[in-house]
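Here the structure is laid out as structure tokens; the discussion comes afterwards.
The values are calculated or read from the model by the stated rules, or taken from the named source; none is laboratory data. What you see is a predicted model, and the numbers here were worked out from it, not measured in a lab. Please note: Cβ atoms are built from the backbone with ideal geometry, for glycine as well, and neighbour counts cover all protein chains shown.
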Amino acid sequence: MKTRKTMYILTAILLLGAGIRLIGINNPLIGHHSWRQADTAAVARNFVEERFNILYPKIDWRGTSPGDVECEFPVYQFLLASVYRAFGVKEVIGRLVSVAFSLAAIAGMFLLAKRLANPAVGLWSAFFLAILPMPAFFGRTVMPEAVLLACCVYAIFLFTLWTQSGCLWSLVLSATCLTIACLLKPPTLYLGLPLAYLAIQKHKFRSLLRPELWVYAIVVIAAVALWYHHAYSIKQATGLTFGVWEYGSDKWGNWDLVRSWQFWEKIFIQRIPLVVLSYLGLPLLIVGMLRVRHSKEETALSLWLVGMLVFIVIVAKGVFVHDYYLLPAAIPAAYFMGKAAAWGLGDSKSVQRWAQVCIALCIIATVGVSVSTHLKWLRKEKPLRSKAFQVAEAGRKMLPHNSLVVAVDKGDPMILYYSHMKGWRSFPRDLSERWVADRTREGAKYILGVHEDFEGDGALRNLSRLLAEHHTVTNNGLFFIVSTERIDGPTRQIQRTR
């Protein structure tokens, strides 16, 4: 394939990827994984409004504390904050930054697949990474996943470039990309498996004696260890955490879950076939993996999938709850799907007609399912579908600025983020009279919540008590805002002081 024609097609793929990701670019951060986006956006906004220091990320659900929180390295949030300082705090900026990194990942996918195979495989691989639902959707969310994906693909590509050219700068940049990826998600250290294979493939077991590879590994591991030691010290000081290292209780070390059929069914029968492969991408993946290798280095992507399997087992609950944990699997999956497409629809006369038709139908079906899944997620971003967004907007307009509030939610910090308030979060069932009294003594002034979240006898009793015993700011049957002051206490007029 001629270079100019290849570049034209790659440009078209990038424009297609951009077009998909720009749909709903101005949508608020609601819908699919709104909680993760709201927390990410809050940290970025707090960098701008409070302390512009990447070492001390702050969240909104802080109570009366300074808000410093234990979390993954906030490089994405800090980047957003840097742009916010120039253009203002706008969620669309976060989305556009994600789109830029997502398009960079597509270009990196082409470069990697071209080097491992040929330009045709590179173009098809880039095409699949552009249209598959998971990289497409999370390539426009205010989350660090697009940065993670780009760093993963370039870490492998640049390392491959080093093994083939010996260029030291390629190794330095690869180490930089892998370091950022592992700081964002520590389990990304599983990429050491394909990287070790590439090193051994080039230098045999003399790789163990090469000082540059020791420096590479030490830099990555040391950076991760230093940051998470610092993050843990933040947790010790404030008690605030995103649950990074809670063994057996949050993301990882849940062996009972791994031993259950429910886990394997959800991950390998429901989730991966749909959000990673769009169902008909699975036959393409299998065909691509069974075809003769274009190069020995291609095995590195098979080992990437093996590493993902280890990751799934170790971070079982995280993967079980959060589908975006599977996002890096889209890179090797896109490669093998691209390999199958390039074989089935290429110029080779040895491919049977029936095989060409099957490959073409699988590609068409994959595109159709990808578009359908993507649009399904986008439909959840309509403000009228989110009562939490509506009560947050009401709170922002009606309540005094800088009021400490209690947001009653189901684990989604969107109310605090969009009301632009700080305070506490509570599940409906936990909103007991004593708990409210304790928060009131600490300075909480208002309680915001959504009626439909109060399910079950205990939660409904909490709601009835709040509405009956506290001064009501607003209650339209869908959501409510009440004062923490009880009706039998002193009455205070609510004024907006913005």
* Structure fact -> Among the residues of region 149-165, the number that are over 18 Å from A196 (Cβ atoms) and either at pLDDT below 95 or not in a helix (DSSP H, G or I) (or both) is 1
* Pairs only if they're at least six apart or on different chains, beta carbon under 9 angstrom, first in region 337-356 and in contact (Cβ under 8 Å) with a residue 40 or more places away in the chain, second basic (K, R) and not in a helix (DSSP H, G or I); list them, first residue then second. => K339/R291; A340/R291; W343/R291
* To do: Confirm whether S165 is surrounded by fewer than 20 Cβ atoms within 10 Å (Cβ to Cβ), farther than 26 Å from S370 by Cα and touching a residue at least 12 places away in the same chain (Cβ under 8 Å).
  => no
* Within region 311-320, identify whether any single residue is under 18 Å from A113 (Cα atoms), outside any helix (DSSP H, G or I) and in contact with a Lys or Arg (Cβ under 9 Å, 6 or more places away or on another chain), and answer yes or no. => no
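Yes/no per residue for (1) in contact with a Ser or Thr (Cβ under 8 Å, 6 or more places away or on another chain); (2) under 16 Å from L277 (Cβ atoms):
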position: K317; (1), (2): no, no
position: A334; (1), (2): yes, yes
position: L345; (1), (2): no, no
position: Q390; (1), (2): no, no
position: A394; (1), (2): yes, no
* To do: Report, by residue number, each residue of region 202-241 that is in a loop (DSSP other than H, G, I, E, B) and either of a type in the set (D, E) or touching a Pro at 6+ places or on another chain (Cβ under 7 Å) (or both).
  => none
* Right, V292: surrounded by fewer than 18 Cβ atoms within 10 Å (Cβ to Cβ) and more than 28 Å from A196 (Cβ to Cβ) or not? -> no
* Working only within region 38-64, note down all residues that are of a type in the set (S, T, Y), within 21 Å of Y228 (Cα to Cα) and outside any helix (DSSP H, G or I). => Y56
* Looking only at region 424-454, which residues are under 20 Å from N476 (Cα atoms) and among the polar types (S, T, N, Q)? -> none
* Asked: Can you name the residue in region 51-60 that is at pLDDT 95 or above and not hydroxyl-bearing (S, T, Y) and is also surrounded by the fewest Cβ atoms within 10 Å (Cβ to Cβ) among such residues?
  -> N53
* Kindly indicate whether any position in region 257-264 is closer than 30 Å to V371 by Cβ, surrounded by 16 or more Cβ atoms within 10 Å (Cβ to Cβ) and in contact (Cβ under 8 Å) with a residue 24 or more places away in the chain. => yes
* Asked: Given (1) closer than 15 Å to T141 by Cα; (2) modelled with pLDDT under 95, where does L96 come up short, assuming only one miss?
  -> (2)
* Just wondering, is there one or more residues in region 58-65 that are over 25 Å from V244 (Cβ atoms) and out of contact with any Asp or Glu (no Cβ under 9 Å at 6 or more places or on another chain)? -> no
* Structure fact -> A careful count of residues in region 151-193 that are closer than 21 Å to A107 by Cβ and of a type outside the set (V, I, T) gives 23
* Scanning region 82-130 for residues that are outside any helix (DSSP H, G or I) and touching a residue at least 60 places away in the same chain (Cβ under 8 Å), which turns out surrounded by the most Cβ atoms within 10 Å (Cβ to Cβ)? -> A117
* Asked: Limited to region 235-244, what total is found for residues that are within 23 Å of the chain's Cα centre (by Cα) and touching a residue at least 24 places away in the same chain (Cβ under 8 Å)?
  -> 5
* Structure fact -> Subset of region 258-282, residues of a type in the set (S, T, N, Q) and either over 15 Å from L326 (Cβ atoms) or not assigned by TED's automatic domain parsing to the domain that holds F138 (or both), comes to S260, Q262
